[in-house]
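**Q** Supplied in structure tokens, the structure appears directly below.
The values are calculated or read from the model by the stated rules, or taken from the named source; none is laboratory data. All values derive from a computational prediction rather than experimental measurement. In this analysis, Cβ positions are derived from the backbone assuming ideal geometry, glycine residues included, and neighbour counts consider all displayed protein chains. Just the protein is used for accessible areas: all its heavy atoms, side chains included, with ligands, DNA and RNA removed. Shrake-Rupley method; radii C 1.70, N 1.55, O 1.52, S 1.80 Å.
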Amino acid sequence: EEGADAATVKKAYRKLVLKYHPDKHPEGEREQCEDRIREINNAYETLSNPTKREQYDVQRKAKARRAAGVLPTNITISPRMAIAKEFMIQPFGFPSHFTRYAGFGPGSQLFVHSRESAKQSGANIAFHDFFQSARFTLWWLPEVNNMCRLRAAANQALNVAHNLQEVGQEANTILHNQPVPQATSYICETSKIYEGCFRFQAAHYPGHYLAYSKPNQFRLIPVVEESDDVVCDFILLNYETMWKYMTIEEVLTPVITDYQLVEKCGVFLDDLIKNDSVRTYFAQVRGEELWDLEGWEMFFGAHFDTFAYDKSTRRVRLLTPAEQLDKRLTACRDAKAVADVIAQAGSELGELPLSSLLRLAGTLVDFAPTAGDISAMVSVTAGKKKVVGMIPKALGVLETAGTLKINVVLQAFRASQALTADFTTSDDQRKKDDCFLNLAKSIKTLLEAGSTFPVSLLYPFFALPTLAAEGKLLFTQCEKDLAVLDAPELVEHFHKAVAANAHGFAEAAGPHIVASIDKFPAEKQGELLVACAAYDGCRKAAVEKIVATKDIPIEFLGKFLLAVANKTIEEDDLCSVVALVAASKVTRMDPETIVGLIVLATKKQPVAPILEKCIKAANDLLAGWSMDTTAKVVLACVASPAARAISGDLFETAAEVLEPSLGNLSIPQLIKVILAYSKLGDATKKFLEAAAKEAVQRVSEIPPAQLVLVLQSVVALGAQSDVCLSLVEFLTTRWQEKLKADKEPDGDEVTKQRLAMERNWRLEPDHMAKLLGIVASNGMTGPIVDNFVATYGKEVDRKVSRLSDASLASLETSFATPELAKWSGTAELLVRVKRAKERAARSKSRSRSRRRSKGREEKKESNGRDRPDRSRDDRRRSRSRRRGRSRSRDRRR
């Protein structure tokens, strides 16, 4: 309303506060009302402060004249005469905003902030500090009329500089300690649009002006049409008037803080009104009488996010930083806003109650990022990390107060699990581990204090580090509860513990399971006994039970033997279980169990009696097994001489099963099969040749290091076989392509991807030496081999310093053969190999010398510690020996 006086403004303010106060609206409208109240408070602060109201009216009228086409009357005024010595830069149309520098050193950026936006951006600094960084001065230059440097008045060695690189572009502004003319010189001129405003044009870049760009940027931009988002016109306010911009909130905050040091429950309103700082502010800044009771209550009600006012006692209290932060977080409408507030928060975040942290966790976990919104994803992830770190601290507060409950810890655990679900880096994993370790300690504290609660509540905590180690404590606290449970419920708890790796709990519960095993059907008995076999406390009882029980399903006997064989168990008990398996029909066991038993029988002597029976069962069942299991059993039998001697039929059967399906084998499976059958001689040579040909067809899929093993295996078919020569040719061609790709420049996207694939194909120098050794030891010859030797001989020659001792020895042997000796670079390579071996020998000698020297020094130090005056005794004995030798010589003469 045009010309509204102070009373009218106050009346309108009270009416709007009553209308939009959040307490008068339902929960769904509360956030909007809180935002509306903040806007009303800001507007009232401007209109009720005479200085701010004056600036607001001046700018409003200037805009009206501009809209009416009326030109400013002060265009010809001299900036040197009109601008105060020290001033504040206020963008036109924003009477509460000021340009300020973020620091007082070189490189500090410049921003445009209001007091409110500075708080929201994390720069919640005191009133004086805020305006100290908004204080500027001008250094006038003689070169051109009104040319100047804009300086930070707090440190006049720093000039406002821009980093413009190209005409027509925008540039950031910083404080610079070097007066570079191109970057720090500006022409100050009066605005041709708004009355009382000034502009700063870059002296060396005509048409480029300093400007305020929303939300808080202070930049150099090319001249543009004036808009609501970009402002080039500034009001330069005398710095001495900065006290007029203090808000009543900034006056009351230190006063109430001082009172709260004595009375934590706050200050009486009557005492607050009598305070000299408050009275002076109203008299000199606001120019009005102190408010009446209704006015104060209205003010505190509108500033509910800063003050807590009790009408019954007429006491007012300043909310703690944590309470203020909690209110700001409550007002946030989405996860991105919550994450931004958390990022700006300081130590007050750690003072939030657990209930608030759990609410924040729910908001952050429910965040659903939109495609390409990387900024929001980064902010929310950072917020999650901060909240996870605060949850254990909040639990500690409850624990200290004696109000910690199991259901509260359970909520904290679930929230922590959700927050850390996408943690990937090692640093994140450390934070996650620390959080869960503290959660486990909280549960342990409750258990040690004798708290009782249903076992089902403990399921989520079974895997926590401390509880997993303290499983017996956990079990003891719940034993009464478990004692009254039916056997199926007891087994449910046991399975939950096993699945969560809570071995302490499972170990304690195991004996109870074995004792009640007869209550379950036979199949369930087998499953439970296999699970109990993993734990020392109940393993012997489980063995006795499975030996005594006649109707345990056969498939569980093999699994039980696998479970106990590699644990601590008496040999007699192990032999008893082996005898059970030997007397059973192994063919009724699953393939994985049979393969496991074969491997076990080749490694443990007490289990050896079942080896032949298991191999025969595998041979009978092989046709129905998967390719992977078939390959595993062949490898297991080949690896043991004892198994290999009785597996002839198995190898032939496996070859018949695998040959039609070689194309369906994965590369790792195919390589395993080739490695296994290369050791079996002529009986399965036909199958080996078929597998090798399949490997040649898919050679580009085989990893380079694995090709060494494949070539080493297929030489069993003959050094000059087509398969061997094909592999050698491929190795040569592929390495030559890699060398060519390393030199070729990147082209289009397709070429770039092709080159990347070729460059990533690599062999280590030791692998190359191994390949050359395979060629030499098997007498491979011909043009293909000559090309291979020349290609890899050069590479080994170039990388000889990276070879191991074994590879160096292998090269000496390989290049002594006729096939490799004829290569033109053989002599030079052997010289380098010899030098490398000598260097390695010297290095080892020095290492041994250093170790011996270190040992002597340690021994000397040890002896010195035992006898501090040993050196003096040594000198005495030496002198005595010299005198004795001298007397002996005299007697001889």
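**Q** Pick from region 207-229 the residues that are at pLDDT 90 or above and either open to solvent by 40 Å² or more (accessible area, probe 1.4 Å) or among the hydrophobic types (A, V, I, L, M, F, W, C) (or both): which of them is farthest from His128 (Cα to Cα)?
**A** Looking at the filtered set, the residue picked out is Ile221.
**Q** In region 297-308, is there at least one residue being of a type outside the set (A, V, I, L, M) and over 30 Å from Arg359 (Cα atoms)? I'd like the intermediate steps shown before the answer.
**A** Keep residues of region 297-308 that are of a type outside the set (A, V, I, L, M), which gives 297, 299-301, 303-307.
Remaining after also requiring over 30 Å from Arg359 (Cα atoms): 297.
Yes.
**Q** Right, next: Scan region 299-336 for residues that are assigned to a helix (DSSP H, G or I) and over 36 Å from the mean Cα position of the chain (by Cα) and jot them down.
**A** Scanning region 299-336 gives Phe299, Phe300, Gly301, Ala302.
**Q** Then there's this: Could you grab the pairs with beta carbons closer than 6 Å, sequence gap of 6+ or different chains, first residue in region 492-503 and closer than 13 Å to Ala534 by Cβ, second one at pLDDT 70 or above and open to solvent by 20 Å² or more (accessible area, probe 1.4 Å)?
**A** Partner pairs satisfying both residue conditions: Val498/Ala531.
**Q** Can you pull out the residues in region 668-707 that are in contact (Cβ under 8 Å) with a residue 40 or more places away in the chain, within 17 Å of Ala631 (Cβ to Cβ) and either part of a helix (DSSP H, G or I) or polar (S, T, N, Q) (or both)?
**A** Within region 668-707, Gln669, Lys672, Val673, Ile674, Leu675, Ala676, Tyr677 meet the criteria.
**Q** Continuing with this model, one more query. Given the conditions (1) open to solvent by 50 Å² or more (accessible area, probe 1.4 Å); (2) closer than 30 Å to Gln344 by Cα; (3) outside any loop (DSSP other than H, G, I, E, B), and given that Trp139 satisfies all but one, which numbered condition is not satisfied?
**A** Tallying (1) open to solvent by 50 Å² or more (accessible area, probe 1.4 Å); (2) closer than 30 Å to Gln344 by Cα; (3) outside any loop (DSSP other than H, G, I, E, B), Trp139 fails exactly one: (2).
**Q** While we're looking at this one, here's another question. Among the residues of region 754-807, write down those that are in a helix (DSSP H, G or I) and at positive phi.
**A** none
**Q** Please work out which one of (1) touching a residue at least 24 places away in the same chain (Cβ under 8 Å); (2) assigned to a helix (DSSP H, G or I) is the condition Phe367 fails and give its number.
**A** Of everything listed in (1) touching a residue at least 24 places away in the same chain (Cβ under 8 Å); (2) assigned to a helix (DSSP H, G or I), Phe367 misses just condition (2).
**Q** Let me ask you something else. Kindly indicate which of Pro222, Pro254 is within 43 Å of the chain's Cα centre (by Cα) and over 30 Å from Lys63 (Cα atoms).
**A** Residue meeting the stated conditions: Pro254.
**Q** Can you confirm whether Lys24 is open to solvent by 30 Å² or more (accessible area, probe 1.4 Å), at pLDDT below 80 and of a type in the set (Lys, Arg)?
**A** Considered against the rule, which asks whether it is open to solvent by 30 Å² or more (accessible area, probe 1.4 Å), at pLDDT below 80 and of a type in the set (Lys, Arg), Lys24 comes out as yes.
**Q** Just name the residue that is most open to solvent (accessible area, probe 1.4 Å) out of those in region 808-828 that are under 15 Å from Asp786 (Cβ atoms) and outside any loop (DSSP other than H, G, I, E, B).
**A** Restricting to residues being under 15 Å from Asp786 (Cβ atoms) and outside any loop (DSSP other than H, G, I, E, B), the top hit is Pro818.
**Q** Out of Thr330, Thr306, Thr363, which single residue is open to solvent by 60 Å² or more (accessible area, probe 1.4 Å) and among the hydroxyl-bearing types (Ser, Thr, Tyr)?
**A** None of the others qualify; the one that does is Thr330.
**Q** Could you list, in sequence order, the residues of region 587-597 that are open to solvent by less than 20 Å² (accessible area, probe 1.4 Å) and of a type in the set (S, T, N, Q)?
**A** Thr593
**Q** Could you go through region 373-380 and let me know if any residue there is closer than 19 Å to Asp326 by Cβ and either exposed (fewer than 15 other Cβ atoms within 10 Å of the Cβ) or free of Cβ contacts under 8 Å to residues at least 12 places away in the same chain (or both).
**A** no
**Q** Check off (1) within 22 Å of Glu116 (Cα to Cα); (2) open to solvent by 10 Å² or more (accessible area, probe 1.4 Å) for Asp270 and give me the number that stays unchecked.
**A** All conditions pass for Asp270, except number (1).
**Q** Could you check how many residues of region 625-680 are basic (Lys, Arg) and open to solvent by less than 40 Å² (accessible area, probe 1.4 Å)?
**A** Matching residues across region 625-680 total 0.
**Q** Return the pairs, sorted by first residue and then second, in which the second residue is open to solvent by 90 Å² or more (accessible area, probe 1.4 Å) and not in a helix (DSSP H, G or I), the first residue lies in region 603-629 and is farther than 12 Å from Ala654 by Cβ and of a type in the set (A, V, I, L, M, F, W, C), the beta carbons are less than 9 Å apart, and the residues are 6+ apart or on different chains.
**A** Cβ pairs passing all conditions: Ala617/Lys585.
**Q** Pairs only if they're at least six apart or on different chains, beta carbon under 6 angstrom, first in region 231-254 and among the basic types (Lys, Arg), second surrounded by fewer than 21 Cβ atoms within 10 Å (Cβ to Cβ); list them, first residue then second.
**A** Within 6 Å, the pairs are Lys244/Thr51; Lys244/Val285.
**Q** Among (1) open to solvent by 30 Å² or more (accessible area, probe 1.4 Å); (2) under 27 Å from Gly718 (Cα atoms); (3) touching a residue at least 12 places away in the same chain (Cβ under 8 Å), which single condition is Ser801 missing?
**A** (2)
**Q** Identify the residue in region 559-586 that is in a helix (DSSP H, G or I) and of a type in the set (Asp, Glu) and, among all such residues, is surrounded by the most Cβ atoms within 10 Å (Cβ to Cβ).
**A** Checked region 559-586; the qualifying residue surrounded by the most Cβ atoms within 10 Å (Cβ to Cβ) is Asp573.
**Q** A further question on this structure: I'd like to check something: does region 598-610 contain any residue that is outside any helix (DSSP H, G or I), over 30 Å from Pro511 (Cβ atoms) and open to solvent by 70 Å² or more (accessible area, probe 1.4 Å)?
**A** No - not one qualifying residue is present in region 598-610.
**Q** Please verify whether region 612-624 includes one or more residues that are outside any helix (DSSP H, G or I), modelled with pLDDT under 90 and open to solvent by 10 Å² or more (accessible area, probe 1.4 Å). Working first, answer last.
**A** First, the residues of region 612-624 that are outside any helix (DSSP H, G or I): none.
Checking region 612-624: not a single residue is outside any helix (DSSP H, G or I), modelled with pLDDT under 90 and open to solvent by 10 Å² or more (accessible area, probe 1.4 Å).
**Q** What is the one condition in (1) within 22 Å of Ala283 (Cα to Cα); (2) surrounded by 13 or more Cβ atoms within 10 Å (Cβ to Cβ); (3) among the polar types (S, T, N, Q) that Gln32 does not satisfy?
**A** All conditions are met except number (1).
**Q** I'm told Lys672 meets every condition in (1) within 21 Å of Ser584 (Cα to Cα); (2) within 45 Å of the chain's Cα centre (by Cα) except one. Can you identify the failing condition by its number?
**A** For Lys672, the exception is condition (1).
**Q** When both residues are 6+ apart or on different chains and their Cβ atoms are under 6 Å apart, which pairs have a first residue that lies in region 423-450 and is in a helix (DSSP H, G or I) and open to solvent by 60 Å² or more (accessible area, probe 1.4 Å), and a second that is of a type in the set (S, T, N, Q) and at pLDDT below 80?
**A** That search, which allows pairs on different chains as well, returns Lys441/Thr466.
**Q** List the residue pairs whose Cβ atoms are under 6 Å apart, where the first residue sits in region 121-140 and is at pLDDT 90 or above, the second is crowded, with 18+ Cβ neighbours inside 10 Å and of a type in the set (Gly, Ala, Ser), and the two are 6 or more positions apart or on different chains.
**A** That search, which allows pairs on different chains as well, returns Arg135/Ala153; Phe136/Ala153; Thr137/Ala153.
**Q** Only one residue in Tyr212, Tyr194 is assigned to a loop (DSSP other than H, G, I, E, B) and within 15 Å of Pro91 (Cα to Cα), so which one is that? Show your work before the answer.
**A** Values: Tyr212 fails: assigned to a loop (DSSP other than H, G, I, E, B).
On inspection, the qualifying residue turns out to be Tyr194.
**Q** Among the residues of region 35-57, count how many are in contact (Cβ under 8 Å) with a residue 24 or more places away in the chain and open to solvent by 70 Å² or more (accessible area, probe 1.4 Å).
**A** 2
**Q** Considering only residues that are acidic (Asp, Glu) and modelled with pLDDT under 80, which ones fall in region 27-69?
**A** Correct list: Glu27, Glu29, Glu31, Glu34, Asp35.
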